[in-house]
Amino acid sequence: MRVPTRVKVSFKADRELSSCLLTNVSRGGVFVQTDHPLELKSCFTLHIHVESPRRDISVPVEVVSVGVGPNFARNKQGMGLRFLEVSPEIEKQLRELYEGALG
């Protein structure tokens with residue numbers, strides 16, 4: 001189940017740091033709103049900047065969808081990202097992020 005949220009994220013693309021907004025999260029991945037999505041199957045490290053408690057979560061991801069947002073919303077450009085294999089500690093932090101978004 002995807003849960004709406006708003007969390008700042010960043011990642012390196014073509015040697016530049018791109019900052020954008022994570023707009024929803026599920027147990028297996030996230031949707032990142034950006035006008036410059038990467039190509040399908042691109043793998044990179046996503047840095048999720050959590051406000052409360054303040055921390056950064058760095059997680060390996062793969063681009064699994066590009067262009068339209070959740071529920072095929074055309075006004076939400078971006079990319080769907082699937083979490084790749086993560087350590088138990090990162091998995092715990094992602095679970096806390098997801099459960100925090102649930103409310």
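Every number here is computed from the coordinates shown, using simple stated rules; none is lab data. Treat the numbers as computed from the prediction; the structure is a model and nothing was measured. For neighbour counting, all protein chains shown are included, and Cβ atoms are generated from backbone atoms with ideal geometry for every residue, glycine included.
So which pairs qualify, if the first residue must be in the range 42-54 and without any contact (Cβ under 8 Å) to a residue 24 or more places away in the chain, the second must be buried (at least 16 other Cβ atoms within 10 Å of the Cβ) and in a loop (DSSP other than H, G, I, E, B), the Cβ gap must be under 8 Å, and the two must be at least 6 apart or on different chains?
none
How do the pairs read when you match residues in the range 85-103 that are touching a residue at least 40 places away in the same chain (Cβ under 8 Å) with residues anywhere that are in a helix (DSSP H, G or I) and of a type in the set (A, V, I, L, M), using Cβ under 8 Å and keeping only pairs 6 or more apart or on different chains?
Pairs that qualify, where the first residue is touching a residue at least 40 places away in the same chain (Cβ under 8 Å) and the partner is in a helix (DSSP H, G or I) and of a type in the set (A, V, I, L, M): there are none.
Just to check your reading of the model, which residue among Asp35, Asp14 is without any contact (Cβ under 8 Å) to a residue 60 or more places away in the chain, in contact with a Gly (Cβ under 9 Å, 6 or more places away or on another chain), exposed (fewer than 13 other Cβ atoms within 10 Å of the Cβ) and more than 18 Å from Leu102 (Cα to Cα)?
The conditions single out Asp35.
For residues in the range 1-45 being assigned to a strand (DSSP E or B) and among the polar types (S, T, N, Q), which is farthest from Gly78 (Cα to Cα)?
Filtering first and then ranking leaves Thr45.
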